[in-house]
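Read through the structure below, which is laid out as structure tokens, and then see the notes.
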């Protein structure tokens with residue numbers, strides 16, 4: 001990704017410790033944590049049907065930290081289930097590059 005990219009879709013497949021898709025049918029809230037430098041934000045994700053496949057997406061907007069900053073962006077998806085259980089994925093990283 002590059003500084004200023006808007007609309008880039010981040011797609012995540014949420015897997016459990018055995019590598020199986022996490023069933024999001026009973027998910028109350030799914031969000032991605034984006035951290036770039038000292039800036040940390042949480043953004044709500046959309047579940048991709050069928051929820052049993054564990055796939056979600058978020059589209060980058062102009063109020064996200066990567067809109068105007070270069071560097072390594074760290075991301076982690078968190079799922080809050082009905083009943084209070086919370087599941088967090090492993091972190092992934094994406095280099096945000098300057099535009100030439």
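Only the coordinates and a few stated rules stand behind these numbers; no lab work does. Quick caveat: nothing in here was measured; it's all calculated off a predicted structure. All Cβ positions, glycine included, derive from the backbone under ideal geometry; neighbour counts span all protein chains shown.
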How high is the relative contact order of the chain, given as a whole-number percent (alpha carbon pairs under 8 Å, six or more residues apart)? 35 percent
Please arrange 26, 18 by how many other C-beta atoms lie within 10 Å of their C-beta, fewest to most. 18, 26
Of 54, 37, 84, which has the largest mean-square fluctuation in a 10 Å C-alpha GNM of the chain? 84
I want to verify a result. In a Gaussian network model of the chain, Cα cutoff 10 Å, which of these has the top mean-square fluctuation: 17, 80, 44? 17
Would you please report the Å³ per residue occupied by the convex hull of the alpha carbon atoms in the chain? 96 Å³
